[in-house]
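Notes to accompany the following structure.
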Amino acid sequence: MVAFSCVRMPNRAVLRQLQYRHRSQIAFAESITEAKPYSEVPGPKPIPILGNTWRLLPIIGQYQVSDVAKLSGIFYQEYGKIVKLSGLVGRPDLLFVYDADEIEKVYRQEGPTPFRPSMPCLVKYKGEVRKDFFGDLPGVVGVHGEPWREFRTKVQKPLLQLQTVKKYIEPIEEVTEFFIQRMMEMRDRNEEMPDDFDNEIHKWSLECIGRVSLDVRLGCLDPNLRSDSEPLKIINAAKFALRNIAILELKFPFWRYFPTTIWTKYVKNMDYFVEICMKYINEALDRLKTKNTTCEKDLSLIERILKSEPNPKTAAILALDLILVGIDTISMAVCSILYQLATRPEEQQKLYEELKRVLPDPNVKLTAAHLDEMVYLKCFVKEVFRVYSTVIGNGRTLQNDTVIQGYHIPKGVQVVFPTLITGSMEEYVSKADVFNPERWMKRKENEQKLHPFASLPYGYGARMCLGRRFADLEIQILLAKVSFNASFSVVKYYKQLQFQLIRSYKLEFHHDPLEYKVTFMYAPDGDLKFKVTKRND
């Protein structure tokens with residue numbers, strides 16, 4: 001009796017999970033014997049030597065890198081819910097799956113260390129070029145297995161705690177207020193934003209991430225940056241590193257075999273990022289040593305990590321990963337969201353009315369309670385992500401043989417979940433062709449069909465985007481401050497100047513509609529010449 005009572009029995013949730021896995025294993029064993037062979041999976045046929053890589057080559061290819069989103073739609077139309085793209089020089093086969101139920105099955109069956117295929121160029125940089133720096137601390141991007149799990153365990157608690165995230169409402173609002181002032185200064189005589197307004201959004205995103213991941217204002221929003229200034233070097237390094245990833249990864253990977261021009265520049269820019277991250281992390285470490293309090297609730301994200309981890313490289317590598325995956329993702333998402341607001345006046349009006357209700361006094365500082373009340377704002381963002389997902393798909397490299405859509409898929413195949421397509425399939429989303437933010441509001445059971453795995457902008461499970469709470473926060477604060485329908489507050493920041501901007505504006509777009517294309521992210525392609533005008537109410 002004593003011996004038995006000391007045994008810790010699994011709780012019901014654990015038992016259910018064990019039973020689910022056991023049933024899954026039995027079902028898999030039965031189904032794999034009846035599954036069709038992998039060779040029969042439909043898809044475009046490769047040609048000798050060049051395989052299917054030729055389709056993205058210059059001159060002879062069928063598609064450009066910017067067409068990748070269209071390509072995933074073409075595959076579904078031509079081949080159905082499962083498509084194999086084999087014969088890719090230098091990389092494993094890609095298997096496109098357009099079935100939300102199958103996507104859910106793959107996600108739910110993965111173990112504690114899922115293999116998420118991403119950024120082979122970053123893998124090479126971390127694991128080979130700069131192994132001297134990263135060593136046993138590879139980070140969370142482009143890393144897999146136990147090294148990924150161990151690093152994530154070190155940093156995920158402060159990154160995902162709401163208490164930590166809420167501490168950054170005021171700092172991000174401060175950055176955003178200065179960005180608003182810059183916007184008003186940038187307007188031309190027609191009250192329109194300049195042709196390169198997307199670059200200004202990019203700078204805002206970089207400034208926000210720098211504030212979160214490095215505890216500093218980088219100065220990227222300064223309108224008078226010198227060509228040799230650190231902020232401009234950071235901006236240019238970020239642009240090159242991110243905007244050339246698609247070329248490095250989707251075109252013929254010559255860089256894997258010899259140092260091409262693009263690869264050499266990529267390494268140079270990455271080295272600069274590592275240098276910058278270490279510089280500011282060391283400064284944060286010095287500040288922490290002289291800080292009067294070490295109570296967790298009074299520490300920043302980076303200070304909490306530096307306090308718990310003896311090696312400052314942990315914080316520097318986390319900062320590097322947050323910057324690499326966050327700048328373009330957030331800035332391109334904002335470009336898309338603002339464009340949709342500008343071209344959807346009815347939805348913009350609803351957002352304006354919500355902001356007026358939640359913030360009747362535009363001079364009041366934003367709080368977590370205010371953001372919690374902005375239901376329509378969050379629903380609008382979710383709907384933009386469903387229809388115009390910035391990340392066109394997620395993926396996994398299978399760690400075991402699997403049956404998908406009745407086919408035996410071998411271990412090692414990279415499965416792609418094109419949520420840009422599944423999020424707009426009538427089979428999974430009611431009235432999928434209608435842009436309707438209200439579909440995300442709490443509703444009666446079965447009122448509207450919305451498959452939980454049809455649209456996953458941040459992924460799912462253990463490898464869900466680690467910085468998603470900060471990404472949501474930055475987007476929400478920007479919309480709450482820059483919805484152009486809401487009154488602006490007083491800006492007090494840069495060089496002790498004060499700008500009085502208590503006005504109400506609306507956002508319009510009076511040019512030819514923009515197409516969405518892929519650079520690194522999926523976003524409107526063209527000049528974001530938004531017209532920002534004062535409202536009469």
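The values are calculated or read from the model by the stated rules, or taken from the named source; none is laboratory data. Predicted, not measured: the structure shown is a model, and the values here were computed from it. All Cβ positions, even for glycine, are placed from backbone atoms using ideal geometry, and neighbour counts span all protein chains on display. When the accessible area is computed, the model is the full protein with side chains, heavy atoms only, and any ligands, DNA or RNA have been set aside. Shrake-Rupley method; radii C 1.70, N 1.55, O 1.52, S 1.80 Å.
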Using only Cα atoms, locate the centre of segment 353-380 and the centre of segment 264-318, then give the distance between them in Å, rounded to an integer. 33 Å
Is segment 289-353 rounded, prolate or oblate when judged by the Cα gyration tensor, a ≥ b ≥ c being the square roots of its eigenvalues, rounded requiring a/c under 1.5 and prolate requiring a/b larger than b/c? oblate
Could you name the lysines in cross-link range of K233, using Cα to Cα under 23 Å and dropping any fewer than eight places away on the same chain? K126, K203, K265, K268, K279, K313, K495
Under the Karplus curve 6.51 cos²θ - 1.76 cosθ + 1.60, θ = phi - 60°, whole-Hz ³J(HN,Hα) for segment 270-275, x wherever Gly or Pro sits: 5, 4, 5, 4, 4, 4
Could you state the orientation-averaged shadow area of the convex hull built on the Cα atoms of the chain, in nm² to one decimal? 30.5 nm²
Using the Karplus curve 6.51 cos²θ - 1.76 cosθ + 1.60 with θ = phi - 60°, what ³J(HN,Hα) values do you get for each residue of segment 78-87, in whole Hz, with x for Gly and Pro? 8, 10, x, 7, 9, 9, 9, 10, 9, x
Sort segment 221-361 into rounded, prolate or oblate with this rule: let a ≥ b ≥ c be the square roots of the eigenvalues of the Cα gyration tensor; rounded if a/c is under 1.5, and if a/c is not under 1.5, prolate when a/b is larger than b/c, oblate otherwise. oblate
Modelling each spin label as a point 7 Å along the Cα-to-Cβ direction, I'd like the I60/R256 distance in nm, to one decimal. 1.8 nm
For K297, give me every one of the lysines with a C-alpha distance below 21 angstrom, ignoring sequence neighbours fewer than eight places off in its own chain. K154, K157, K166, K167, K289, K307, K365
Projecting the Cα atoms of V106, V375, P360 onto the charge dipole of the chain, where Lys and Arg contribute +1 and Asp and Glu -1 at Cβ, the residue farthest towards the positive end is V106
Amide proton proximity set for G395, modelled H, under 5 Å, gap of 5+: F417
How compact and how long is segment 287-426, expressed as Rg and Dmax of its alpha-carbon atoms in Å? 21.6, 62
Checking the a/c ratio against 1.5 first, then a/b against b/c, what shape does the Cα gyration tensor give for segment 208-288? prolate
For the chain, give the percent of accessible area contributed by carbon and sulfur heavy atoms, probe 1.4 Å, rounded to a whole number. 52 percent
Would you compute, from DSSP H runs of 4+ residues alone, the mean residue ellipticity of the chain at 222 nm, taking -39500 (n - 2.57) per run and dividing by the full residue count, rounded to the nearest 500? -15000 deg cm²/dmol
Show the residues, 5+ positions off or on another chain, whose built amide H is closer than 5 Å to the amide H of Y516. D525
Ranked output for segments 511-517, 70-76, 207-213 by mean other Cβ atoms within 10 Å, highest leading, reads 207-213, 70-76, 511-517
The answer for segment 234-358, accessible area per residue at 1.4 Å probe in Å², is 41 Å²
How big is the dipole moment of segment 306-433 about its Cα centre under a simple scheme where the beta carbon of each Lys and Arg is +1, that of each Asp and Glu is -1, and everything else is neutral? Debye, nearest 20, please. 280 debye
